[in-house]
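Below is one structure, written out as structure tokens; the observations come after it.
Values in this text are rule-based calculations from the coordinates and carry no lab data. If you're wondering where the values come from, they're calculated on a predicted model, not measured in any experiment. No Cβ is skipped: glycine too gets one built from the backbone with ideal geometry, and neighbour counts run over all protein chains shown.
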Amino acid sequence: MSMRHDINAPILQVVGLSVRFETPLGLVHAADDVAFDIYEMETLALVGETGCGKSVVASAIMQLLPGNAVVEGKALFSKMDLLKLEEKEISRVRGNEISIIFQNPSLSLNPIIEVGEQIAEPLQVHRKMARRESHQVAKGFLSRLGLGERSLMRMYPFQFSGGMNQRVMIATSMILSPKIIIADEPTKGLDRALARDVTSEIEKIMDLTGASLLLITHDISLAAMISDRIAVMYCGEIVEMGKCKDVLREPLHPYTCALLDCLPERGFKPIAGASPSMIDPPQGCKFHPRCPYKTQECMQKQRIRKIDGDERQVRCWQY
């Protein structure tokens, strides 16, 4: 995909997003001062190891976090701050203008409602479309995703494979032609061939709807395939962000380098040490306990450096 945001204003601006969870063990710092923009018809990948906070960011934007979450910051969309909307207002945005594809379709789909009805329902609720007409549109979406037989509309999620249910989730999320799609680990648990198929279908429908995509994934190969820009998260923070090809070709942050070295084509080298506690994160740079290049400065405070204007940024004292 090409970069298409040279002169356009961002469609979504996330500014200073921090999320903490109050637990019996203490305050979990799940996201800390996260900031990024998404532009029209752009794909931004949020990548990092499991538990780094990337899914929390998506749920915070959509106000889908549990009651013990404390959220600060802004998520600006269509002159609204999504984080400040009442439930009635955010429910109009969810699915209609910003849609989310969850990583586990078996938990997201209703087991006792036919898949055709589940795909058609958003049209009936948000567009007040007649049931028969909404089913016709739903059938068209299923056809595009390779599930076009009429009988499949009358089947239930338990009768489908994981890959088929993932396609149903994609159709349900995209049927209202939202402006932004948030895909939370859309290929998790799928084999490589099926993951490629699902990714291809997401891209195809994005092109049809003109939607932007926030892709949340630990799969760097997937991010490399479809992303315009990439933001690398570690311990609740974005440590590096830039054009996908630049970050993957010439990573700047030591964590990004270490993460890429975990790939099979780079020799499966594990990152030394263990991920820090999100309850008691390290002072300064959170990666410094595992970093071979750390200095005294790294252990005391952080530095965010912007390179090439705003095209590239890195949270590291080396730059």
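Structure above, values below:
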read-out: The chain - share of DSSP beta bridges that are antiparallel (%, nearest 5); value: 60
read-out: 5 angstrom amide H check on I238, placed H, neighbours 5+ away; value: A35
read-out: The chain - mean residue ellipticity at 222 nm from DSSP helices (-39,500 (n - 2.57) per run, n ≥ 4, rounded to 500); value: -9000 deg cm²/dmol
read-out: Estimated distance in nm for a label pair at L263 and M129, the labels positioned 7 Å out from Cα along Cα-to-Cβ; value: 3.9
read-out: Potential lengthening between I112 and V70 on full extension [0.36 nm per residue; Cα-Cα distance subtracted]; value: 11.7 nm
read-out: Max mean-square fluctuation residue, GNM over the chain, Cα-Cα springs under 10 Å, options M278, M129, M62; value: M129
read-out: S177, S221, S151 arranged by Cβ crowding within 10 Å, fewest neighbours leading; value: S151, S177, S221
read-out: Under-5 Å amide H pairs with I11, H placed in peptide plane, nonlocal only; value: I38, Y39, E40
read-out: Whole-angstrom gap from the range 201-261 to the range 1-76, using each part's C-alpha centre; value: 14
read-out: Residues R132, R312, R266, sorted so that the one with the fewest Cβ neighbours within 10 Å comes first; value: R132, R266, R312
read-out: Residue of E240, E97, E22 that the Gaussian network model of the chain assigns the largest fluctuation, springs spanning Cα pairs under 10 Å; value: E22
read-out: For q = 0.16 Å⁻¹, Debye-computed log10 I/I(0) when each Cα of the chain counts as one equal scatterer; value: -1.40
read-out: Proxy reagent accessibility, fewest Cβ within 10 Å first, across S173, S108; value: S108, S173
read-out: Contour excess over end-to-end distance, with Cα ends at T23 and Y293 and 0.36 nm allotted per residue; value: 93.8 nm
read-out: Karplus-derived HN-Hα couplings along the range 79-88 (A = 6.51, B = -1.76, C = 1.60, θ = phi - 60°), whole Hz, x at Gly and Pro; value: 6, 10, 9, 4, 6, 9, 6, 5, 4, 4
read-out: Max mean-square fluctuation residue, GNM over the chain, Cα-Cα springs under 10 Å, options D184, D207, D81; value: D207
read-out: Cα-based Rg / Dmax (Å) for the range 192-275; value: 14.1, 45
read-out: Crossing angle, helix 115-126 versus the chain [Cα axis fit, 0-90 degrees, rounded to tens]; value: 80
read-out: Angle in degrees between helix 162-174 and the longest Cα principal axis of the chain, rounded to the nearest 10; value: 90
read-out: Principal-axis tilt of helix 131-144 within the chain, Cα atoms, nearest 10 degrees; value: 50
